[in-house]
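The values are calculated or read from the model by the stated rules, or taken from the named source; none is laboratory data. None of the values given here were measured: they were computed from a predicted structure. Here the Cβ is made from the backbone with ideal geometry for all residues, glycine too, and neighbour counts use every protein chain on show. Areas reflect the complete protein model, heavy atoms only, side chains present, ligands, DNA and RNA absent. Shrake-Rupley method; radii C 1.70, N 1.55, O 1.52, S 1.80 Å.
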Amino acid sequence: MIGVTVEHLIACGLARAEADELYAQLHALATVPDEALRWQMITGRLLTPAVPFAVHELLYQQNYARHRQQNLACPAWKPSMDEAAATHIAQWSSDLGLSCYEELHTWSVTHQEEFANRLARSLSLRFQHPPTHGCDVSAGVENARWYSQASLNIVESCFQADDDALAIIAGDDQNQLEFLTYGQLKALTARVANGLAEYGLAPGDRVAICMPMTFEAVAAFLGIVAAGCVVVTIADSFSANEMAVRFELTQPKCIFIQDETIRNGKSHPLFNKIADQKQMPAVVLRASPNRHVQLRSGDLEWENFLSQNNVLNCVYASPENETTILFSSGTTGHPKAIPWDHTTPIKCASDAYFHQDIHATDRLCWPTNLGWMMGPWLVYSALINQATLALSSSIPTGRKFCEFVEQAAVSVLGLVPSIVSEWRKHNHTANLDWSSLRLFSSTGECSNPSDMLWLMSRAGYRPVIEYCGGTELGGGYIAGALTKAAVPGLFSAKAMGVSWMLMNDEFQPSSKGEVFLEPPAIGMSTRLLNRDHHDAYYSEIPPGPQQQVLRRHGDQIEELPGGYYRAHGRIDDAMNLGGIKVSCVQIEELLVQHAAVRELAAISVPPPGGGPEQLVIYVVLQADMSLADLHFDMQQTIKNCLNPLFKIAAVEAIEKLPRTASNKVLRRNLRNEYISAL
C-alpha cells in the first residue's frame, strides 16, 4: 500500500517477520482501485484484534489518503448485499417501492398517517380499541396526537414474545448470570401492578423508582405503567438534594428503591438519600443479605409488597395519558420535568427497529439507568421488539463489564463514548471473544473517530450506529442506517419519521448550524410539567423556508458529502458530561458558593481530535488559593451535591469573565480561548 513501509509497521508494534509478511500481503492488494473495497479486504483478511491497533489506524489512514484529501467519508464498515437486504429498512423500502434510505425517510415524514399505521403493524402494537387516525394534527403540528381515539396500555405490547423466550440476562459483579423468561417477567410485573392496587394506589398516581438496572427494576417500571400509574424516574447517582428537587416537582405517592448499590464489591448508600422524605413511603429491595439498613415506619420490604396475584391485567388509557416523568436539564439550572405518554415508547421501539435493527434473536445491552431516558428506551426497545435485555451490575468502564458482553453473547452493544475511551486506555477488551456482536451504538456525547475505529476493530469490524436525540423526543432525530457504510464518529441518516434542518446565525438554511426540528414526530413532547412548553421550544422562532413550524433543539450539526453528519455539541448553555445532559448554570450555582471564588463560568470543550466533552471551570478568585486545591474542593462538591459522574478536567483562573452588553457571560468566547490554547 502506498505510503506504508515495513519500518512503519515495526514502529506500530509488529515484529520484523510479522511486518514483512503483512507488507507482502498489503502489496498484493495495492492494485485494488476502490478504497472502500480494499479496506474491506484488509479488515476481512489481515487485521484481527490481536494486531496492534496502531497498525489498524495506520492502514486505515493510508488506505483512505485520497478520500481524506478530497474531504470524503472514509467507511470502516460496509454492509454486504445480504446484510443490507436483511434489515427492516430494506424490507420497508422494498414494500414501498423505494430505492434507498433517503427516499424511505422522505416518505416517513411526508406520509405521517401511513407511517404511523404501518409502524403499528410492524411492531404488532396491541390496542384495546384501535385508533381512528395514526396522526391527528387538527390542533396544530406542535400538538399532534398519535393513534388518536385508541385505548391501550403500552406494557401489553412488551409481552408479545412466547412465555418461554428469554427476556433478561443479568450479571452480577462476578459475572454470574441469571436468566428471566418473558413469562417470568410478566408474572413479576403483574405482582408489582397488583401490589400497587392492593396498596391503595389508583391510576394516575405517581410512583418514583430509584434502582440500578435489575430484574426487579424492570418489573417495577413496567408494573407501575401496567397499573395505570405514572413512573417518576430518579437516577441512583443523584445526590439527596437532586432527588429532593425532583420529588418536589412530581409529588410521588411512594418510591421503589434499593437499600444500597453494590459496585466492585463495595456498598454505596441509596435508601439513606431519601431519609428526609418522610411523607413518601418506600418499597425497599435489599441488594445483599446484609440487613443493617433500617426501614422507616410505613416502609415495606420488596417481598412483603408484592401481590400474590401474578396475572397481568393492564389498565387501559388514552394514548396521551402520562406513563413516565423524566428530567432533562435546561439552561435555567432547574430540571425540566418531561412526561412520556403511551406513544413515546413506540418512538423508542421504532428507532431500535430501524436504526439498531433489533430482531427477536438479539441480545441488547446498554449500560444505563432508569433515571436517564436510555433506561426506559432500552426496556421498550428490547421488549416491544421481542428481543433480550442484557443487564450487568459491573462498572461499565471496567474489564468485568467487557467480560459480561462476551459471556452473555451480546449482539447489540450501546454505550457512551467516554466508556470506549476508558476501555481503550486500559485495553480492557484484550483476549475477549466479541464475535457475537453484530453492531455497536453510541449516544450521549460526541464521538472521537479514533476511539470508534478502535471499538469497531475489537469485534472484527462491526459498525457503530451513532445515535442522538433527547428525552423530550423519546429517542433520536439523527442516527445511522445499516444499509449505508459506517464511518467512525459520523452519523449517516436522519432518524425515521423525524424531519429537521440546519440554520445558521442569520437563520438561513446551512450545511452547518443549529438543529431545528419540524413537527410532528412520534415521541416529540407536547407538554412540560414545570414550564410553558411553547416558550421552551417554539417561542420567537421564525417559520422555515416553506413557512413550516420549527422547534428549537440546541444541538449543532454539520452536513458532510455523501449524506453523512458530524456533531459539534450543544449551542446553548447545556452540556453533555458522561452521556448526561446538565446545565452550565446548575454547575455554576453550586460551585460559586466556594469562599475563594468571586464568580465563575462552567464550559464544556472537546478534547483534541474530538470526542466526549470535558468540563472546564473558569474562576475569578477573591482569595488566595492554589488552583489544584480549588479543583479538589470543587470536584468534591460536585460529587456530594450534584453527580459523582461529572469530572472537572481543569480549573482556569481569569481576571474577569467576558460578558455581553446585557451582562450575559460569553461562554462561547471562553470555550474558543481554551480550545485555541490546547
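Spin-label pair Cys100-Leu46: with each label point 7 Å from Cα along the Cα-Cβ axis, the two points sit 3.0 nm from one another.
A straight chain from Asp162 to Val549 at 0.36 nm per residue would run longer than the Cα-Cα distance by 135.0 nm. Taking a cut-off of 20 Å, what percent of all Cα-Cα pairs in the range 365-477 are separated by more than that? I get 36 percent for the Cα pairs in the range 365-477 exceeding 20 Å. Measuring r between the beta carbons of Arg121 and Gln69 and using R0 = 41 Å, the FRET efficiency lands at 0.30. The average projected area of the chain, computed from the convex hull of its Cα atoms over all directions, is 31.1 nm².
Using the Cβ-Cβ distance between Glu320 and Ala28 with R0 set to 45 Å, the FRET efficiency from 1/(1 + (r/R0)^6) comes to roughly 0.10.
Taking a ≥ b ≥ c as the square roots of the eigenvalues of the Cα gyration tensor, the range 540-661 is classed as prolate, since a/c reaches at least 1.5 and a/b is larger than b/c. Each residue, Cys641 and Asp276, gets one label point 7 Å from its Cα in the Cβ direction; the gap between the two is 1.2 nm. Per residue, the solvent-accessible area of the chain (1.4 Å probe, heavy atoms of protein chains only, all protein chains present) comes to 39 Å². Helical runs (DSSP H, four residues minimum) scored at -39500 (n - 2.57) apiece and divided by the length of the chain put the mean residue ellipticity at 222 nm at -9500 deg cm²/dmol. Can you list the residues of the range 637-658 with backbone N under 18 Å from a point 7 Å past the Cα of Leu678, pointing along Cα to Cβ? Within reach of a label on Leu678, which here means backbone N under 18 Å from a point 7 Å along Cα→Cβ, the range 637-658 contributes 647-653.
What whole number of Å gives the distance from the Cα centroid of the range 603-654 to the Cα centroid of the range 297-363? The range 297-363 and the range 603-654 have Cα centres spaced 34 Å from each other. Over all pairs of different C-alpha atoms in the range 127-190, the reciprocal of the mean inverse distance, the Kirkwood hydrodynamic radius, equals 14.7 Å. Restricting the calculation to Cα atoms, the range 596-678 yields a radius of gyration followed by a Dmax of 13.1, 36 Å. Using equal-weight Cα scatterers in the Debye expression, the normalised intensity of the range 418-484 in log10 at q = 0.26 Å⁻¹ is -1.21.
With both labels modelled 7 Å from their Cα along Cα-to-Cβ, the Met625 to Val592 distance reads 1.5 nm. Note on the range 205-326: dipole from Cβ charges, positive end direction compared against Asn313, Pro269, Leu326; the farthest Cα belongs to Pro269. The three principal axes of the C-alpha atoms in the range 64-144 carry coordinate ranges of 57, 31, 21 Å, sorted with the longest axis first. Rg/Rh, computed from the Cα trace of the range 138-236 with Rh as the Kirkwood radius, has the value 1.05.
The alpha carbon gyration tensor of the range 417-559 gives principal lengths a ≥ b ≥ c with a/c of 1.5 or higher and a/b greater than b/c, which makes the shape prolate. Note on Asn304 and Asp20: the extension gain reaches 95.4 nm, defined as 0.36 nm multiplied by sequence separation minus the Cα-Cα distance. Carbon and sulfur: what percent of the range 31-139's accessible surface (1.4 Å probe)? Solvent-exposed carbon and sulfur of the range 31-139 make up 52 percent of the total.
Taken over the range 37-99, the percentage of Cα pairs per 10 Å bin, counting from 0 up to the bin with the maximum distance, is 18, 36, 27, 17, 2. Mind scanning Lys266/Lys647; Lys484/Lys512; Lys347/Lys581; Lys336/Lys656; Lys425/Lys581 and naming the pairs with a C-alpha gap bigger than 28 Å? Going by Cα-Cα distance, Lys336/Lys656 fall outside the 28 Å limit.
The calculated FRET efficiency for Asn313 paired with Glu558, based on their beta-carbon distance and R0 = 41 Å, is about 0.20.
Evaluated at q = 0.12, 0.18, 0.21 Å⁻¹, the base-10 log of the normalised Debye intensity for the range 514-566, with identical point scatterers placed on the Cα atoms, takes the values -0.34, -0.71, -0.89. Ordering 459-466, 606-613, 377-384 by mean Cβ neighbour count within 10 Å, with the highest value first, yields 377-384, 459-466, 606-613. Set against the 2.2 N^0.38 Å expectation for a compact globular protein, the range 247-337 has a Cα radius of gyration ratio of 1.35. Secondary structure note: in the chain, about 60% of the DSSP beta bridges are antiparallel. Loop-located trypsin sites (Lys or Arg not before Pro) across the range 579-660 with a Cβ neighbour count of 12 or fewer within 10 Å are Lys656, with loop assigned by DSSP.
In the range 1-114, Rg over Rh equals 1.15, where Rg is the alpha-carbon radius of gyration and Rh the Kirkwood radius from pairwise Cα distances.
Here the ratio of the Cα radius of gyration of the range 48-196 to 2.2 N^0.38 Å is 1.57. Sorted from greatest to least, the principal axis extents spanned by the alpha carbons of the range 298-434 come out as 50, 45, 41 Å.
Each listed q (0.14, 0.18, 0.30 Å⁻¹) maps to a log10 I(q)/I(0) for the range 394-438, found by the Debye formula over equal Cα scatterers with no solvent: -0.28, -0.47, -1.25.
Which part of the range 359-400 falls in the paramagnetic zone of Gln91, meaning amide N under 12 Å from the point 7 Å along Cα-to-beta-carbon? Those under the cut-off are 359-361, 385-386. So if each residue of separation counts as 0.36 nm, and I subtract the Cα-Cα distance between Asn427 and Ala244, what length gain in nm does that give? Taking 0.36 nm per residue and subtracting the Cα distance, the gain is 62.0 nm. Based on alpha-carbon atoms, the Kirkwood radius and the radius of gyration of the range 326-405 give Rg/Rh equal to 1.04.
For the range 593-607, backbone nitrogen atoms closer than 16 Å to the point 7 Å from Ala653 Cα along Cα-to-C-beta are found at 595-601. Which shape class, rounded, prolate or oblate, goes with the range 220-290 when its Cα gyration tensor gives a ≥ b ≥ c as root eigenvalues, a/c under 1.5 marks rounded, and past that a/b bigger than b/c marks prolate? Because a/c hits 1.5 or more and a/b fails to exceed b/c, the range 220-290 counts as oblate. In straight-distance terms, cross-link reach from Lys278 covers every one of the lysines whose alpha-carbon lies under 19 Å from its own, apart from those fewer than eight places away in the same chain; here that gives Lys253. For the chain, a crude dipole built from +1 on the beta carbon of Lys and Arg and -1 on the beta carbon of Asp and Glu, taken about the Cα centre, is about 360 debye to the nearest 20. For GluC sites (Glu not before Pro), the sites in the range 474-565 that DSSP calls loop and that have at most 16 other Cβ atoms within 10 Å are Glu506, Glu540.
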